[in-house]
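The values are calculated or read from the model by the stated rules, or taken from the named source; none is laboratory data. Bear in mind the structure is a predicted one, so any value in this text is a computation, not a measurement. Cβ atoms come from the backbone with ideal geometry, glycine included; neighbour counts cover every protein chain shown. Heavy atoms of the whole protein, side chains included, go into the accessibility calculation; ligands, DNA and RNA do not. Shrake-Rupley method; radii C 1.70, N 1.55, O 1.52, S 1.80 Å.
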Amino acid sequence: MRHPIFFILAASLSGAVASAQPAQVPAFSQTTPGPTTIGGSIRDVALWVSPRSADAGTDAGPGGLLLTAYNNQNAGLATFGLDGQQLEDEQLDGPVASVAVRDGFRLGANTLSLAVTSNVNRGLTAYSVDGLRTTDRVQRIGTGPFLITSAAFTSVAFYRSPSSGRLFVFASNDVGSVSQFEMSGEDGGVSATLVNRPLTVGGAVTGMVVDEERGHLYVVQAGTAIWRYAAEPDGGATRTQVVSLTATDTKLSRNVNRLALYRAAGTEGYLLAADTQAGTFAVLDRRSYAFLGSFTVVPGDGGVGGAVAPRALAVSSGPVGAFADGLFVAQNSSGTGTDDLKLVRWETVAQAFNPPLRIDTRPTASDGGVDGGVDAGSDGGGGGGVGPGPLPGGGIPPVDEGSGCSCASASVPGSVLLGLLALGFSLRRRRVR
């Protein structure tokens, strides 16, 4: 018969995995409800972070932009500032199903931030992004789509290979195929070359995100699972199931849509998922995929509303304008054609969990900073945001599938665990004698 100390230990460990109830996180601010001249539901959002975001408030511009994809027949891509106001007229290329943005794209003699949208029944369209301008912050490159296809794309995601530096865009459709295109712009125009690597998911794709440091592409197969593929063009079609959406013990509903990645130092961080049916955002450990819990975005001060039935999200672990400790963006489905976005301080999200999630802008005690903090340094990336810079020495770091959970995956201090184990061993020795 096992001693009760072992049941105490088991209970302590089980409580470290996840809270049964979603945490409640108040929204800090929100965008105006819908573009000024159109309506429609928000299908996706990408967060563009200014290279000088940490200096925002001087002459560095707004710090970040929210590129918002609206499902409207006439116009679909709208740009909002961090103050929630629409900054310019929407692009007349709707309806738009998805949007992604990535810095460091070479277009002719210039290097710029590139946004790509999937336009229903039209293919892919490219835009340049410049948050420092007073007008035309987002401009279409060319007169129309740079890629026209017969199948409508439902989701897009960028990937820059750490080893080769080549830029790719993944595009999925509602019949379960994912295509990988290599992007080019050296001649002054945007073009895409299809990689000979067909990926058949098996059902409609509702969301994708890429982890560049670890070389992974994550894909949501509607109602079935979140899958992981290799992101490199020669990665083949082998996949790994990250989360089942049909298992009896799953922590997510079957109606999961967009994904985002909270990138922390040392390839730690979180994979975030918009669980539309549950009205929550799920948090998975970036390395082990352990479910750490979920949270809802609830109304905040000053009449700011919460996020209902969210389909889309974006996140940055680095500073974004006045959001010095990171920014989380949640889409709110109004059901009346007046969808909006809720802006949430990442530290509010992190501190709503027990133990708290990482706040990657804060130094650790070993750095002479706050005791009990998290690793310093952030690549500034985020779901739909500006991607990370090159890795030191190049290449993709080795994958550690079974270890390295972020701090929220272990709420019992090591000293307590050692004490419990030592006590159990001592009691066992006494019983044997």
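Proximity of backbone amide H atoms, modeled 1.01 Å from N, is registered between GLY300 and ALA27, GLY305 at under 5 Å, excluding neighbours fewer than 5 places apart on the same chain. Across segment 63-127, the mean sequence separation of Cα contacts (distance under 8 Å, 6 or more residues apart), normalised by length, yields a relative contact order of 24 percent.
Our coupling estimate for segment 209-222, obtained by passing each phi through the Karplus curve with A = 6.51, B = -1.76, C = 1.60 and θ = phi - 60°, is 7, 10, 9, 5, 5, 9, x, 10, 10, 9, 10, 9, 8, 3 Hz, Gly and Pro reported as x. In this structure, the amide hydrogen of GLY223, modeled 1.01 Å from its nitrogen in the peptide plane, lies closer than 5 angstrom to those of VAL256, counting only residues at least 5 positions away or on a different chain. In terms of packing, defined here as the mean over residues of other Cβ atoms within 10 angstrom, the peptides 91-101, 23-33 line up highest first as 91-101, 23-33. A cut-off of 5 Å between modelled amide H atoms, ignoring neighbours fewer than 5 places along the same chain, links ASN72 with VAL96. When nucleic acids and ligands are ignored and a 1.4 Å probe is applied, ILE148 ends up with an accessible area of around 130 Å². Taken one residue at a time, the phi angles of segment 187-204 give Karplus couplings (6.51, -1.76, 1.60, θ = phi - 60°) of 8, x, x, 7, 9, 9, 10, 5, 7, 6, 8, x, 10, 9, 7, x, x, 3 Hz. Gly and Pro are set to x.
Taking the average, over residues, of other Cβ atoms within 10 Å as the packing measure, peptides 104-110, 339-345, 325-331, 77-83 rank 325-331, 339-345, 77-83, 104-110 from highest down.
Charge tally around ALA307: other residues with Cβ under 12 Å, Lys/Arg +1 each, Asp/Glu -1 each, net -1.
Comparing Cα centroids, segment 206-284 and segment 118-179 end up 20 angstrom apart. Computed FRET efficiency, Cβ-Cβ of ARG254 and THR336, R0 25 Å: what is it to the nearest 0.05? So, using R0 = 25 Å, E works out to roughly 0.50. Volume per residue for segment 81-158 equals 110 cubic angstrom (convex hull of Cα atoms).
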